[in-house]
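S.K.: Here you go, one structure.
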């Protein structure tokens, strides 16, 4: 089984206005930078070259910026991107962090539900110690194993 750690894929272009905004207002913010500093991040610039084009095709990228949070060993379905830009109401950097945390904890929880092991719940709680579903899942698993 592969590594069960998060990975960020960030598709962008140097000429893209929204990419520059994501870079300057979110990724450069102290809070976001601190949170994602321990998560490997792969930046993929728009290009017609074979390696980049293959990744664009694999993830269905037709426009940028696209920001994916994956756990490669757990992602069998096409990934959904996370965007802080919503019509009329952009996320704050803290809300963007919360969206990233939610994506990661949900992936660990789904894996935990399918395997019924403590490890995925504990990993989700390392990312967000206050994540209620992870705490409930771990508590329920421990109760069921003690009976």
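The values are calculated or read from the model by the stated rules, or taken from the named source; none is laboratory data. Since the structure is predicted, the reported quantities are computational estimates derived from the model, not experimental observations. Quick reminder, even Gly has a Cβ in these numbers, built from the backbone with ideal geometry, and neighbours come from all protein chains shown.
S.K.: Quick check on residue 46: is it touching a residue at least 12 places away in the same chain (Cβ under 8 Å) and farther than 26 Å from residue 127 by Cβ?
M.R.: Considered against the rule, which asks whether it is touching a residue at least 12 places away in the same chain (Cβ under 8 Å) and farther than 26 Å from residue 127 by Cβ, residue 46 comes out as yes.
S.K.: Can we say residue 129 is surrounded by fewer than 13 Cβ atoms within 10 Å (Cβ to Cβ), modelled with pLDDT under 75 and either on the phi > 0 side of the Ramachandran plot or in a loop (DSSP other than H, G, I, E, B) (or both)?
M.R.: Spelling it out, it is not the case that residue 129 is surrounded by fewer than 13 Cβ atoms within 10 Å (Cβ to Cβ), modelled with pLDDT under 75 and either on the phi > 0 side of the Ramachandran plot or in a loop (DSSP other than H, G, I, E, B) (or both).
S.K.: Among residues belonging to segment 95-112 that are surrounded by fewer than 17 Cβ atoms within 10 Å (Cβ to Cβ) and either more than 9 Å from the chain's Cα centre (by Cα) or outside any helix (DSSP H, G or I) (or both), point out the one that is modelled with the lowest pLDDT.
M.R.: The residue in question is 110.
S.K.: Evaluate segment 50-63: report whether one residue or more is within 17 Å of the chain's Cα centre (by Cα), crowded, with 19+ Cβ neighbours inside 10 Å, at pLDDT 85 or above and over 26 Å from residue 31 (Cβ atoms).
M.R.: Yes, segment 50-63 contains a residue that is within 17 Å of the chain's Cα centre (by Cα), crowded, with 19+ Cβ neighbours inside 10 Å, at pLDDT 85 or above and over 26 Å from residue 31 (Cβ atoms).
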